[in-house]
1. Considering only residues that are modelled with pLDDT of 70 or more and charged (D, E, K, R), which ones fall in region 35-58?
2. In this structure, does Ala102 turn out to be surrounded by 15 or more Cβ atoms within 10 Å (Cβ to Cβ) and at pLDDT 95 or above?
3. Give me a count of the residues in region 1-12 that are modelled with pLDDT under 90 and either surrounded by 17 or more Cβ atoms within 10 Å (Cβ to Cβ) or in a helix (DSSP H, G or I) (or both).
4. Search region 59-78 for residues that are within 11 Å of Leu47 (Cβ to Cβ) and at pLDDT below 85 and pair each with any residue that is small (Gly, Ala, Ser) and in a helix (DSSP H, G or I) when their beta-carbon atoms are under 6 Å apart and the residues are at least 6 apart or on different chains.
5. Specify the residue that is farthest from Met39 (Cα to Cα); the eligible residues are those in region 105-118 that are of a type in the set (D, E, K, R) and surrounded by 12 or more Cβ atoms within 10 Å (Cβ to Cβ).
Amino acid sequence: MSAPVETLKADTPLQDALRLFRKRRFRHVPVVDDDGLVMGILSDRDLLAESGSIAEDAANLAGGDSELRTAGDLATGRVLVAHPETLIREIVRVMFRERVGAMPIVNDTGRLKGIITRSDILRALMRHTALELYI
């Protein structure tokens, strides 16, 4: 799990979200409310689908009628989350079955505590498992 987690607010302009994705090379960023509750998750694929190319000028992410598009406009609202006590095996199973690349980790009140990504899982396998036993 990665913690603390970079987050976006629902009203964050997409241009700012794109800058964060480019600068930090993120693939997923949770969208939270003022209390730290997960409202959605924004992915690089969401931005790619919206802009046509993640490398294009951020101006392409502006909406029609000169209305600024926001992270909340594009974020996936149905977010699968896990608790810190959830077994990694279960998280991996759900991520694989549901084809998601990241899962926010929340406490009992739903506040964001961390995020686990495919990269976190692969990094843990590389560090803590004798991979040659499985090849």
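1. If the condition is that a residue be modelled with pLDDT of 70 or more and charged (D, E, K, R), then Asp35, Asp44, Arg45, Asp46, Glu50 are the ones that fit.
2. yes
3. So the count comes out to 1.
4. What qualifies is Asn60/Ser51; Leu61/Ser51.
5. Taking the candidates together, the pick is Arg118.
The values are calculated or read from the model by the stated rules, or taken from the named source; none is laboratory data. Since we're looking at a predicted model, the values are computed, not measured. Note that we place each Cβ from the backbone using ideal geometry, even for glycine, and neighbour counts take in every protein chain shown.
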